[in-house]
Each structure stands twice: as structure tokens, then as C-alpha cells.
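Below is one structure, written out as C-alpha cells; the observations come after it.
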Amino acid sequence: MARPRKYFTAEDLRLSKCRKSKKWYDSTALSPSNSDYWLSCLEDVTVKLNQWLNHTGPKQYVEALYDNYINDRTTQPIDDALASLNEFRESIDRCFKAILQLSGVGEKLGKVETKLNEVSGVIRAVEEILCYAMGESHETLIDSHARRALLFQSLA
């Protein structure tokens, strides 16, 4: 026995096929198996990172961390910043690995690599301040800042 008809007119059949095609396209166009999906994830992470940096540049953010440490002599804000920055770096690294696997070396990977290097540079700059802070060399940190020898002072 055959199943009952779902569509009685050619128009109903055409609309059903359109829905089916749209459903397939939506499931494959931006899926984890598509490099455009990972680029959109990178854009989302970049927006969240900019919001987290209070829409200032990385240099201004790390400068504020430095000033906060010099005034309060507490490393908790630096530790918190490193934890958050490492989460951003891990998210960008996932995008990097996925795009490398899907597209190989090229323009798309270059975009992700640029953002990954930027976040890694900020992490290194914050870690440098933390190293000075943990080493009880407060005066050395101030001297290095005065000589513009800290990593964050060379950030863009």
C-alpha cells in the first residue's frame, strides 16, 4: 500500500523542494566542515575580544593593567586578564587548526594567523609584567617602563 499524498498541487511540491533545498544549504553552508564557518567564528571572537579590551587597542589595555599594578601592587587583575586572553587564544587556535585542515595555507589562514599573533603578543606582554611582579622587582619594572623596554610599549 502506498503512502498518502502529501502534496496535491505542483505549487505545493515546488515549495516542498524549496524548503528541502534551503534546509540542506543551511546545514552545509556554514557548518564546521566549511572554512567560511570558521572565519565567521573568528569574527565573533574578534568582536568579543574588542569588547573585552573595552574598544581600546591592546597597548592601551596592557598599559592600564600596568598602571593598575603599579598603584595597587596586586597581581589578581593580571592573572584574570591572562586567563581571559588564553581563552581567546584557544578559540582563535581552534579556528586556525580547522581552516588549515579545510583550506590549507592561503588567504583565509593568513587572516586567522594575524589575529592569533596579535593575541599571543598581548599575552606575552602581560606575562612579562606578571614575571616582574612575581619576582619582587618592582623598581626594575618601573625602570623598564621608563626606558620603554617593556613588550607592550612596542605593540601597535
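If the condition is being under 14 Å from Val62 (Cα atoms) and in contact (Cβ under 8 Å) with a residue 12 or more places away in the chain, then the range 134-156 contributes Leu141, His145, Leu150, Leu151, Phe152, Gln153, Leu155, Ala156.
Evaluating Asp80 against the criteria (1) more than 24 Å from Ser144 (Cβ to Cβ); (2) without any contact (Cβ under 8 Å) to a residue 24 or more places away in the chain; (3) open to solvent by 60 Å² or more (accessible area, probe 1.4 Å) leaves one unmet condition, (1). When the residues of the range 106-138 are filtered to those that are among the hydroxyl-bearing types (Ser, Thr, Tyr) and under 25 Å from Asp67 (Cβ atoms), the one that is modelled with the highest pLDDT is Ser120.
All conditions in (1) part of a helix (DSSP H, G or I); (2) under 30 Å from Ser35 (Cβ atoms) hold for His55, with the sole exception of (1). Against the condition out of contact with any Phe, Trp or Tyr (no Cβ under 9 Å at 6 or more places or on another chain), surrounded by 10 or more Cβ atoms within 10 Å (Cβ to Cβ), modelled with pLDDT of 90 or more and over 30 Å from Cys131 (Cα atoms), how does Asp44 come out, does it pass? Taking the combined requirement at face value, the residue satisfies it. Is one or more of the residues making up the range 58-76 within 30 Å of Ser35 (Cα to Cα) and open to solvent by 90 Å² or more (accessible area, probe 1.4 Å)? Looking for residues that are within 30 Å of Ser35 (Cα to Cα) and open to solvent by 90 Å² or more (accessible area, probe 1.4 Å), one finds none in the range 58-76, hence no.
Filtered by the rule that a residue be within 18 Å of the chain's Cα centre (by Cα) and surrounded by 15 or more Cβ atoms within 10 Å (Cβ to Cβ), the range 121-156 gives Gly121, Val122, Ile123, Ala125, Val126, Leu155. State which residue is least open to solvent (accessible area, probe 1.4 Å) when the search covers only the range 89-107 and only residues that are out of contact with any helix residue (DSSP H, G or I) (no Cβ under 6 Å at 6 or more places or on another chain) and within 13 Å of Thr46 (Cα to Cα). Among those that are out of contact with any helix residue (DSSP H, G or I) (no Cβ under 6 Å at 6 or more places or on another chain) and within 13 Å of Thr46 (Cα to Cα), it is Asp93.
Within the range 14-35, is there a residue that is within 13 Å of the chain's Cα centre (by Cα) and more than 20 Å from Leu155 (Cβ to Cβ)? Scanning the range 14-35 turns up no residue that is within 13 Å of the chain's Cα centre (by Cα) and more than 20 Å from Leu155 (Cβ to Cβ).
The values are calculated or read from the model by the stated rules, or taken from the named source; none is laboratory data. In this text the structure is predicted, and so the values were computed from the model without any measurement. In this analysis, Cβ positions are derived from the backbone assuming ideal geometry, glycine residues included, and neighbour counts consider all displayed protein chains. For accessibility, only protein heavy atoms count, side chains too; no ligands or nucleic acids. Shrake-Rupley method; radii C 1.70, N 1.55, O 1.52, S 1.80 Å.
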